[in-house]
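What follows is a set of notes on a single structure, which appears directly below.
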Amino acid sequence: MNLDLMTILIIVAAAIIGIGLGILVTNMMLKKGIEKKADSLLKDAEKQATILKEKRMLEAKERFLQLKAEHESFTVEKTKQLTATENRLRQKEQSLNQKLEQTQRKEKELDTAKNNYTEQLKNVERKDAELSKMHARQIAQLETISELSAEDAKSQLIESLKGDARNEGAIAAKEILEEAKLTANKDAKKIVLQSIQRVAVETAVENAVTVFNIENDEMKGRIIGREGRNIRALEASTGVEVIVDDTPEAIVISCFDPVRRELARMALAQLIQDGRIHPARIEEVVEKCRKQLEDEIAEVGKRTCIDLGINNLHPDLIRIVGKMKYRSSYGQNLLQHSREVANLAATMASELGLNPKLAKRAGLLHDIGKVPDEAPELPHALLGMKLAEKYKERPDVCNAIGAHHDEIEMTDLLSPIIQVCDAISGARPGARREIVEQYTKRLRDLEQLALSYKGVEKTYAIQAGRELRVIVGSEKITDKEAEVLSFEIAQKIQNEMTYPGQVRVTVIRETRAVNIAK
């Protein structure tokens with residue numbers, strides 16, 4: 001029993017030892033394999049590191065060469081710049097040296113001139129003292145001879161020279177003005193003439209009445225209505241006077257306001273076309289026509305702005321522009337006049353190198369003060385300027401509107417252009433009509449103004465007031481005084497009278513010898 005146990009124990013121990021030896025051998029073999037594999041991986045890693053190192057070295061070398069080339073290029077460029085700067089500085093230094101030499105030379109010349117001037121000044125002072133003594137002796141001799149003191153002689157001399165000096169001064173002033181007009185205004189005249197030639201003009205004549213044609217005279221009774229109620233309703237609704245007389249196939253619409261006349265004309269046309277004419281229908285048609293007329297006014301304003309190429313105009317200003325179609329000034333249609341001024345101003349501004357669009361805008365709006373909805377207390381130029389400011393127009397446009405009749409000071413070059421173009425459009429032949437009474441009064445005032453001068457015998461206003469001929473007495477006024485008189489009358493007309501265009505003043509001085517043969 002004990003033997004068997006010992007045997008078993010020995011066998012077990014031998015088995016354990018064998019297993020341990022097997023494990024030890026296995027571990028040793030595994031360790032050798034792992035070492036071999038680690039050596040292989042280490043060698044591969046060393047190879048890859050070597051390859052990567054060589055690649056990085058090549059890249060670093062290429063980058064170094066690139067940076068070196070860039071640095072060399074930059075160095076060359078900087079060297080060129082430094083060389084150029086050095087050359088410029090050398091040139092400036094040479095120039096400064098030359099200027100310094102010139103300055104030193106001029107200083108020497110100035111010192112020499114100063115010394116000469118000092119000597120000359122001493123000589124002049126010495127001669128001046130001698131002249132003063134001689135002058136005093138001559139004055140004493142003259143006082144003894146003329147039996148007059150120096151002050152009395154001076155007064156008489158001044159009085160005698162005043163007239164000659166005034167005459168010569170007026171003649172010289174006239175010559176200077178004419179020379180300035182011939183030289184300084186030559187280009188301006190050329191521009192004005194080109195502007196007038198390039199703008200096509202039309203003459204529009206507006207009256208205070210509108211003649212409405214009808215097909216037959218039987219329609220007049222229907223328009224008048226029973227006991228005149230239809231015509232009274234039409235007049236009350238439109239604010240016009242409807243005149244139905246013996247004129248065949250015609251009714252006269254009379255009113256100072258062209259918008260009201262147009263409203264009455266449109267209403268009559270629709271009433272006659274419809275055939276129903278009674279007070280209620282008249283009021284209905286008038287109201288409808290009033291809306292149509294407002295739409296037409298807005299459309300005319302928009303079309304005008306489009307034709308002239310004017311953008312971003314306030315709707316109220318567009319409406320005012322449209323209402324110009326139904327306004328006139330001295331018989332000239334206001335919208336046509338404003339379009340004409342706008343085109344003239346754009347042409348003139350373009351010739352002068354200014355903004356033609358801005359000039360065209362100011363030219364179109366320059367007379368908007370003539371079409372207010374209410375009776376204004378201000379002149380139309382100032383009222384137009386306030387309207388333009390209200391609707392946020394540019395300051396130069398507002399100044400051109402307000403200053404085109406010299407009621408405010410001109411602050412922009414655009415203002416005189418608008419003033420000149422307004423005068424060109426209004427003063428050209430056929431543009432405006434003037435009331436006969438105003439026309440004759442202006443000519444009479446023109447003649448009376450010239451008659452108020454001493455020595456004037458007769459005056460004649462000819463060529464529709466564009467020339468004034470003044471007849472003077474040959475024994476009262478000399479030739480030089482005639483020149484002065486012509487200049488003074490022209491200046492007084494310019495300062496005191498209002499007239500279209502210009503007035504030529506011609507003074508005629510003649511001597512007549514009359515004998516009778518019997």
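Brief remarks follow.
- Answer from Lys392, Lys360 - the residue that is out of contact with any helix residue (DSSP H, G or I) (no Cβ under 9 Å at 6 or more places or on another chain) and touching a residue at least 24 places away in the same chain (Cβ under 8 Å): Lys392
- Among residues of region 429-468, those that are assigned to a strand (DSSP E or B), within 16 Å of Gln494 (Cα to Cα) and modelled with pLDDT of 85 or more, counted: 1
- When Leu334 is tested against the conditions (1) outside the structural domain of Val242 (by TED's automatic domain parsing); (2) in contact (Cβ under 8 Å) with a residue 40 or more places away in the chain, the lone failure is (2).
Every residue, every condition in (1) in contact with a Leu (Cβ under 9 Å, 6 or more places away or on another chain); (2) surrounded by 17 or more Cβ atoms within 10 Å (Cβ to Cβ), yes or no:
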| site | (1), (2) |
| --- | --- |
| Ala298 | no, no |
| Tyr326 | yes, yes |
| Leu344 | no, yes |
| Met348 | yes, yes |
| Pro356 | no, yes |
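- Qualifying position, being part of a helix (DSSP H, G or I) and in contact with a Phe, Trp or Tyr (Cβ under 9 Å, 6 or more places away or on another chain), among Ile318, Ile297: Ile297
- Any hit, region 2-20, residues being surrounded by fewer than 10 Cβ atoms within 10 Å (Cβ to Cβ), among the acidic types (Asp, Glu) and assigned to a helix (DSSP H, G or I): yes
The values are calculated or read from the model by the stated rules, or taken from the named source; none is laboratory data. This is a predicted model, so every value here is computed, not measured. Positions of Cβ are generated from backbone atoms using ideal geometry, with glycine treated the same way; all protein chains shown enter the neighbour counts.
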